[in-house]
Amino acid sequence: MPKRIFQHRKKNNLKSPGAIKANMTLILPDQIITQANNKLKAARQTIDEASKAGAKIFVPHKVAEAIQLQNEAFIKRKAGEWDTCFQLAHSALEKAKEALEESLIQSNIASEAILSDKKGTVQSRKPSDDIWNDLPVNSVLI
């Protein structure tokens, strides 16, 4: 049995989980629960920001690792393992921050692509042009 669960059972003078009765007041580890939930929320928000910044294209392994750590934290939360949940959520948040930072850096680097297929209209113009021009397939995009 994990140490923290035993400590909380002891604080509540419970010999087993089956000793819990209706209308009984229990002492719960609210501080670690709050901290773990806040870290999970921050990790989710940062993973979303990183994804919007292109992390799934620029650093897919980092954003995938952040998501995996977050999923593991959710599993630990469901099991009531709050310390482990907090640690995993913290790791997920840090990995998501790395993914976001690297994505923002890479999204500001110019690159080229080739228009290999199009449905509808694709247009471009040079800064010196006043009008937009239709682009044919195999055009270079910058």
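The values are calculated or read from the model by the stated rules, or taken from the named source; none is laboratory data. Computed from a prediction, not measured in an experiment: that's the story for all the values here. Because the Cβ atoms are built from the backbone with ideal geometry, glycine has one as well, and the counts that use them run over all protein chains shown. Surface accessibility is based on the protein's heavy atoms, side chains included, excluding ligands, DNA and RNA. Shrake-Rupley method; radii C 1.70, N 1.55, O 1.52, S 1.80 Å.
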Worksheet, complete the sentence: Here, helices (runs of 4 or more DSSP H) confined to region 15-88 with at least 1 residues that are over 27 Å from SER107 (Cα atoms) and either at pLDDT 95 or above or open to solvent by 90 Å² or more (accessible area, probe 1.4 Å) (or both) are 30-52, 60-78
Practice prompt. Tally the residues that are free of Cβ contacts under 8 Å to residues at least 12 places away in the same chain and assigned to a helix (DSSP H, G or I), restricting the search to region 96-110.
Written response: 2
Worksheet item: Can you find a residue in region 111-122 that is in a helix (DSSP H, G or I) and in contact (Cβ under 8 Å) with a residue 12 or more places away in the chain?
Response: no
Response to the item:
Scanning region 123-140 for residues that are surrounded by 10 or more Cβ atoms within 10 Å (Cβ to Cβ) and either in a loop (DSSP other than H, G, I, E, B) or under 31 Å from the mean Cα position of the chain (by Cα) (or both) gives ARG125, TRP132, LEU135, VAL137, SER139
